[in-house]
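Report on the structure given below.
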Amino acid sequence: MKRKILVGIVVVLLLVVGYIGYVMLTPRASPSHTTELSYEGVDIKIVYCRPFKKGRLIFGSKEDGALQPYGQYWRLGANEATEISFSKDVNFAGQLLPAGTYRMYAVPGASTWTVALNSELGQSGSEEPNYSLDVLKVEIPAGSAPAETEQFVINLTDTGDGVNMDFVWDQTQVRVPITLP
């Protein structure tokens, strides 16, 4: 009887160890990424996941089968909700934003995107945020990317006068200016 219990425990342990090994060694379809930049004493950090295009229509109408239809919530990546942190107050697309960490999401459109920062953290990205907790919401023009981009990326670039945060995927680029107050 003791031997059967011992064998059962060993089998369960092997299954647990095998599962953990599988999860740790199997690459995610949309890997996690962290983008960071320091500008004039302000540390900016973005944590998000980077999905691939894989031949799909990314932005467009729902009727055309777009992965991210115009007018609908998007977590700005995949998997978990995208989070952005600022170590000091900044102007985010011209609006004053207090230092802190925020959930960042967008509602893409054909010519403009709504980009929002929300105080609800630690949520699954597939769940829409509690919109009453939006701290800031801005309309940003959507443009063409310099080249077709297979994997979604958020870039931070020091311009000398501030920071450009670019969302780039497929043939679309959206630029959010960040400056000091």
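The values are calculated or read from the model by the stated rules, or taken from the named source; none is laboratory data. All of these numbers come straight from a predicted model, not from anything done at the bench. Using ideal geometry, Cβ is built from the backbone for each residue, glycine included, and neighbour counts are taken over all protein chains shown.
Some points to look at:
- Checking every residue in segment 156-167 against the condition of being surrounded by 15 or more Cβ atoms within 10 Å (Cβ to Cβ), more than 19 Å from Pro181 (Cβ to Cβ), within 17 Å of the chain's Cα centre (by Cα) and without any contact (Cβ under 8 Å) to a residue 60 or more places away in the chain gives at least one match.
- Taken over segment 67-82, residues that are in a loop (DSSP other than H, G, I, E, B) and polar (S, T, N, Q) amount to 2.
Okay, residues lined up against (1) of a type in the set (Asp, Glu); (2) in contact (Cβ under 8 Å) with a residue 60 or more places away in the chain; (3) touching a Ser or Thr at 6+ places or on another chain (Cβ under 6 Å):
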| residue | (1), (2), (3) |
| --- | --- |
| Phe52 | no, yes, no |
| Ser61 | no, no, no |
| Thr101 | no, no, yes |
| Ala106 | no, yes, no |
| Ala110 | no, no, no |
| Asn118 | no, no, no |
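- Ser111 being at pLDDT 95 or above and farther than 26 Å from Asp43 by Cα: yes
- Pick from segment 29-48, criterion modelled with pLDDT under 95 and of a type outside the set (Gly, Ala, Ser), ranking: nearest to Asp166 (Cα to Cα): His33
- Going through (1) of a type outside the set (A, V, I, L, M); (2) free of Cβ contacts under 8 Å to residues at least 60 places away in the same chain; (3) over 20 Å from Gly143 (Cα atoms) one by one, Tyr39 falls short only on (2).
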